[in-house]
Structure formats: C-alpha cells, structure tokens
Amino acid sequence: ALVLICVLSRWSVVPVMYFFPYARQEGKAKLFIQGMNLKIFILSTVTVIICSLWVWHIQGLIALSIVALCAYAMGKFVSRKINGVTGDTLGATIELTEIAALLTVGIA
C-alpha cells in the first residue's frame, strides 16, 4: 500500500496538468503542461488503475478516487486564486494527495 501511495500521489498532477491552465508566462513546469495531451492522460490513468487494482484491489480504486477528488479540488482552488497552476502548486498537490492517500490507507 505504501508503494501505491507514492504512485497515486505522483499521478495526481497528471489530471491537474491536463484540466487546468498554466498561470505564468515562463517557468519550468510550463514545458510539462504544454506537453500534456489526452493520450498521455489516458495512458497514465489506465496504468494507475491497473496498479491500484493489482496492489490493493478494490481499496486501491477507492484510494485512487479519493486522490483524484483531492487533486481536482486543489487544481480548482489554485485556479481560482491565481488563474492556473504552477510548478509549486503541482508539488503541493503531490504532498496533499499523499496525505489523503495515507489517511485512506489508515482508515481502510
């Protein structure tokens, strides 16, 4: 479950990069966000679903759902505050979703 938590938290930035715009004109994260497309989003999501099922069965899907909701909430919150996401907010998303996944494992 601990390995799965790392996978889920790192994956959490994929939907944030796909669904929310970049807030700055310049920056290191801009290249990653510009490179994000539907193919990468689907491939990474299918991969994380398979990993979740393989490692932790239905609880893995529950953890994935919670991480996805937290990532979307973080992206929405940051987009309202600064009109998009940045590299710092992507890093914060990883940390916050890791905490959410740890709490999910602790409860389950």
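The values are calculated or read from the model by the stated rules, or taken from the named source; none is laboratory data. Keep in mind the model is a prediction, meaning the values are calculated, not measured. In this analysis, Cβ positions are derived from the backbone assuming ideal geometry, glycine residues included, and neighbour counts consider all displayed protein chains. The accessibility values were calculated without ligands, DNA or RNA, using every heavy atom of the protein model including side chains. Shrake-Rupley method; radii C 1.70, N 1.55, O 1.52, S 1.80 Å.
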- Query: Taking the range 15-37 as the region of interest, how many residues are open to solvent by less than 90 Å² (accessible area, probe 1.4 Å) and either aliphatic (A, V, I, L, M) or not in a helix (DSSP H, G or I) (or both)?
  - Reply: 11
- Criterion (part of a helix (DSSP H, G or I), of a type in the set (A, V, I, L, M), surrounded by 13 or more Cβ atoms within 10 Å (Cβ to Cβ) and more than 13 Å from the chain's Cα centre (by Cα)) met by exactly one of Leu102, Leu64: Leu102
- Note on the structure: Checked pairs for the range 12-34, first at positive phi, second at pLDDT 95 or above and surrounded by 11 or more Cβ atoms within 10 Å (Cβ to Cβ), C-beta under 7 Å and 6 or more apart or across chains, list as Gly27/Thr86; Gly27/Gly87
- Message: On the basis of being under 23 Å from Ala108 (Cβ atoms), open to solvent by 60 Å² or more (accessible area, probe 1.4 Å) and among the aliphatic types (A, V, I, L, M), does Leu53 make the cut?
- Response: yes
- Here are Leu102, Leu64: which of them is touching a helix residue (DSSP H, G or I) at 6+ places or on another chain (Cβ under 8 Å), hydrophobic (A, V, I, L, M, F, W, C) and touching a residue at least 60 places away in the same chain (Cβ under 8 Å)? Leu102
